[in-house]
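**Q** My questions will all concern the structure given below.
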Amino acid sequence: MRRLGIAMSAELEPNTHLEIAHVLCTDIVGYSKLPVNQQSTLLQRLNQIVRGTEQFRVAEAVGKLVRLPTGDGMALAFFTSPDAPVRCALEIAKALRGEPELPLRMGVESGPVDQVPDVNDRSNVAGTGINLAQRVMDCGDAGHILLSKRVAGDLGQYTHWQPHLHDCGQVEVKHGVQIHIVNGHARGRQRRGAAKDQARAGGEGRAGPAGSREAANARARGARPHHRPARAGIFSPASLATGGCNGSGNSRQEHRGFAL
C-alpha cells in the first residue's frame with residue numbers, strides 16, 4: 001500500500017498547478033459579419049471600456065488578472081473574489097447603455113485553470129474554468145449576462161444578490177454537454193409573466209431544455225419581430241432581458257435587474 005501511495009504521488013506531480021479562476025468571457029455579437037475597419041473600431045472601444053472598469057484596475061494592480069484576447073472579445077480570469085467578474089460585467093453593461101452599435105454578450109464561470117506561458121512567453125491560462133465560461137456565454141445574445149450554476153450558488157448566499165439571479169435550467173451546449181444557466185440582467189423593472197412570452201428556437205437541430213425542437217420553435221413564434229430567432233443553445237433576447245427563463249417555469253414573478 002505504501003509503494004502504491006509513493007507511485008501515485010509521483011504520478012500526481014505534473015508541471016501544472018491548478019487554481020480556481022473566476023472568469024468573465026465576452027464577445028461582440030455579429031462581429032464576423034462586420035467590415036474589418038468596423039471590427040477594429042469596436043474592439044478598441046471594448047478594450048477601453050473594460051480597462052476602465054474598477055474591477056479590472058484593482059485586479060490588475062495586484063497581479064490577480066490574466067487577459068486573453070479571443071478575436072471578437074476577450075476572457076478575463078480574476079484570481080480575486082467570486083463576484084469580481086460579475087461586478088466587472090455590470091460595469092461594462094452600464095458603460096454600453098449608450099452604445100447600441102457595440103452588442104456584447106457575457107458569461108461567467110468559476111473553475112480550475114492552469115497558468116501557462118503563451119507563444120510570446122506571456123502569462124496565459126487554460127482549463128475547465130475558461131472552457132465553461134465560454135459555453136455559458138455562448139448561451140446568450142447581445143445584452144445578456146449569464147452565470148453558471150456554480151457562480152450563482154456562490155452569490156446566492158448573500159441576500160443582496162438573490163433578487164437578481166433567475167434560474168434558466170439546463171441547456172445543451174457543444175458536444176452534448178449539459179450546463180445549468182442562471183440569468184442576471186441589467187434592466188429595470190419588467191412586466192410580469194415574461195418567461196411565457198419568449199423561448200429559444202431550435203435552429204441547429206438540438207432540443208431546448210423545455211422539450212422538443214418543434215415545441216421550442218412553436219414558442220419562439222411569439223418572439224418580438226425585431227429580434228432574430230436565437231440559435232440552438234441561445235436564449236432569445238426578450239426572454240432573458242426580462243428575467244424570463246425558457247423552460248424553467250419558475251420565473252413568473254416580477255423582477256428587477258442588477259442595480260447599476
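Bear in mind these aren't lab numbers, they're just calculated from the coordinates by the rules spelled out. The shown structure was predicted, so the numbers you read here are calculated from the model rather than taken from an experiment. Cβ: placed from backbone, ideal geometry, glycine included. Neighbour counts: every protein chain shown.
**Q** From (1) surrounded by fewer than 21 Cβ atoms within 10 Å (Cβ to Cβ); (2) touching an Asp or Glu at 6+ places or on another chain (Cβ under 6 Å), pick out the condition that doesn't hold for Gln157.
**A** Result: Gln157 passes all but (2).
**Q** I'd like the full set of residues that are assigned to a helix (DSSP H, G or I), within 25 Å of Gln178 (Cβ to Cβ) and touching a Gly at 6+ places or on another chain (Cβ under 9 Å), limited to region 95-149. If you could, list the steps in order and put the result at the bottom.
**A** Residues of region 95-149 assigned to a helix (DSSP H, G or I): 95, 128-138, 149.
Right, trim to within 25 Å of Gln178 (Cβ to Cβ) and you get 128-138, 149.
Correct list: Thr128, Gly129, Ile130, Asn131, Leu132, Ala133, Gln134, Arg135, Val136, Met137, Asp138.
**Q** Starting from region 117-136, keep only residues that are under 20 Å from Gly63 (Cα atoms) and touching a residue at least 12 places away in the same chain (Cβ under 8 Å), then list their pairs with residues that are surrounded by fewer than 17 Cβ atoms within 10 Å (Cβ to Cβ) and of a type in the set (Val, Ile, Thr) whose Cβ atoms are within a distance under 8 Å, requiring at least 6 positions of separation or different chains.
**A** That search, which allows pairs on different chains as well, returns Asn124/Val116; Val125/Val116; Ala126/Val116; Gly129/Ile20.
**Q** Can you name the number of the only condition in (1) closer than 14 Å to Gly184 by Cα; (2) surrounded by fewer than 24 Cβ atoms within 10 Å (Cβ to Cβ); (3) out of contact with any Leu (no Cβ under 7 Å at 6 or more places or on another chain) that Gly63 fails?
**A** That leaves (1) as the condition not met.
**Q** Return the residues of region 56-69 that are more than 16 Å from Arg45 (Cβ to Cβ) and either outside any strand (DSSP E or B) or touching a His at 6+ places or on another chain (Cβ under 8 Å) (or both); say none if nothing qualifies.
**A** Answer for region 56-69, where residues must be more than 16 Å from Arg45 (Cβ to Cβ) and either outside any strand (DSSP E or B) or touching a His at 6+ places or on another chain (Cβ under 8 Å) (or both): Arg57, Val58, Ala59, Glu60, Ala61, Val62, Gly63, Lys64.
**Q** Does any residue in region 49-64 that is of a type in the set (A, V, I, L, M) come within less than 6 Å, Cβ to Cβ, of a residue that is surrounded by 12 or more Cβ atoms within 10 Å (Cβ to Cβ) six or more places away or on a different chain, and which pairs are these?
**A** Cβ pairs passing all conditions: Ile49/Ile92; Ile49/Ala95; Val50/Phe56; Ala59/Leu65; Ala59/Phe78; Ala59/Thr80.
**Q** How about region 153-176: which of its residues are assigned to a helix (DSSP H, G or I) and either within 8 Å of the chain's Cα centre (by Cα) or over 18 Å from Thr80 (Cβ atoms) (or both)? Even if it seems obvious, please write down each step before you answer.
**A** Our first condition is that a residue be assigned to a helix (DSSP H, G or I); within region 153-176, this holds for 153-155, 162-164, 174-176.
Selection gives Gly153, Gln162, Pro163, His164, Lys174, His175, Gly176.
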